[in-house]
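Presented below is the structure to which this report refers.
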Amino acid sequence: MKQLVFTALCCSVISSAHVTADMLDEGTLTLGVGGGVHDGLYKGQDTEDFAFPVISYENGPLSISGEGIIYRLTEAEDGQFAISAGLGVSGNSYKSSDADGLKGMSRRHDGVDIGAGIAWETGMGSFSAMVRQDVSDTHKGQQLDLGYEITLPVHPYLLVSPSAGVSYQSEDYVDYYFGVKDKEATADRAAYKGDGTVNTTLGVSFIIPITDHWNIINANTYTWLGDGISDSPIVRKDKIWSTSLITTYTF
């Protein structure tokens, strides 16, 4: 679920394992907490609330956060490209008790991905692309993400950041998380083999800088699911939304 709804805001196990006292002295550490509500993805699942910690560390080209570990191979000024490589956890993991529509389904696990990305910073916003491959032998699939984001200072105490993105998920990925095996099929749930699909997301975040260190963020997303996912008999609908409120402190 988190891959579609709030990937970037999930609990950061990787970052908490790598933050040390030396890093606090040399880099930038951001800590925070957030919570929100998201639309139910699976049949029998209504809107749900969630809470999560925010842990992010940056030191030069190295970034560690809930998205994983990213190392920028090149830095870029406006109008130039930056190249990065990364390692992170992703997926639409679930267990059969998560929703009535998942009863009798085998548990699905998150995978570990390696990826490579490129970002283009311009005076009109930031464009990005990243390709990821599962290396944990979990779903064995690939993902390609394309995104655009711009941050607009509309007031000394308010920044507005609209964004848009498309995400391709391969057949192996979709079939693992949204397919239904023959042994999982029931009278109300047909067997289903997932196909590669494209999801489209629009978002807007409102950032309130309370001080140089404290920020309050309201993040909102709306996602249109591709047919490979929305046609699955375990999926409730073809559109999902999420809203969250986060407070962070940067050291």
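The values are calculated or read from the model by the stated rules, or taken from the named source; none is laboratory data. Model, not experiment: these values are computed from the prediction. Ideal geometry is used to build each Cβ from the backbone, glycine not excepted, and the neighbour counts take in all protein chains shown.
Assessment of segment 140-155 against the conditions (of a type in the set (Gly, Ala, Ser), within 26 Å of residue 46 (Cα to Cα) and either surrounded by 17 or more Cβ atoms within 10 Å (Cβ to Cβ) or in contact with a helix residue (DSSP H, G or I) (Cβ under 7 Å, 6 or more places away or on another chain) (or both)) yields no matching residue.
Scanning segment 95-129 for residues that are among the hydrophobic types (A, V, I, L, M, F, W, C) and either touching a His at 6+ places or on another chain (Cβ under 6 Å) or closer than 18 Å to residue 172 by Cβ (or both) yields a total of 3.
Within segment 51-62, the presence of at least one residue that is of a type outside the set (Lys, Arg), modelled with pLDDT of 55 or more and within 26 Å of residue 102 (Cα to Cα) is confirmed. Only one of the numbered conditions (1) modelled with pLDDT under 95; (2) in a strand (DSSP E or B) is violated by residue 137, and that is (2). Check segment 119-130 and report whether any residue there is touching a Leu at 6+ places or on another chain (Cβ under 8 Å), free of Cβ contacts under 8 Å to residues at least 40 places away in the same chain and of a type in the set (Gly, Ala, Ser). Looking for residues that are touching a Leu at 6+ places or on another chain (Cβ under 8 Å), free of Cβ contacts under 8 Å to residues at least 40 places away in the same chain and of a type in the set (Gly, Ala, Ser), one finds at least one in segment 119-130, hence yes.
Among the residues in segment 90-110, are any part of a loop (DSSP other than H, G, I, E, B) and more than 22 Å from residue 181 (Cα to Cα)?
Checked against the condition, which is being part of a loop (DSSP other than H, G, I, E, B) and more than 22 Å from residue 181 (Cα to Cα), segment 90-110 yields no hits at all.
Remark: pairs (first residue in segment 179-192, among the charged types (D, E, K, R); second residue modelled with pLDDT under 95 and not in a loop (DSSP other than H, G, I, E, B); Cβ separation under 8 Å; 6+ apart in sequence or on different chains) = 189/101. For segment 156-184, taking the residues that are under 30 Å from residue 124 (Cα atoms) and among the hydroxyl-bearing types (Ser, Thr, Tyr), the one that is surrounded by the fewest Cβ atoms within 10 Å (Cβ to Cβ) is identified as 157. Could you tell me whether segment 118-133 includes any residue that is surrounded by fewer than 16 Cβ atoms within 10 Å (Cβ to Cβ) and basic (Lys, Arg)? No, segment 118-133 has no match at all.
Residues in segment 46-69 that are of a type in the set (A, V, I, L, M) and touching a residue at least 24 places away in the same chain (Cβ under 8 Å) were compared, and the one that is nearest to residue 114 (Cα to Cα) is 69.
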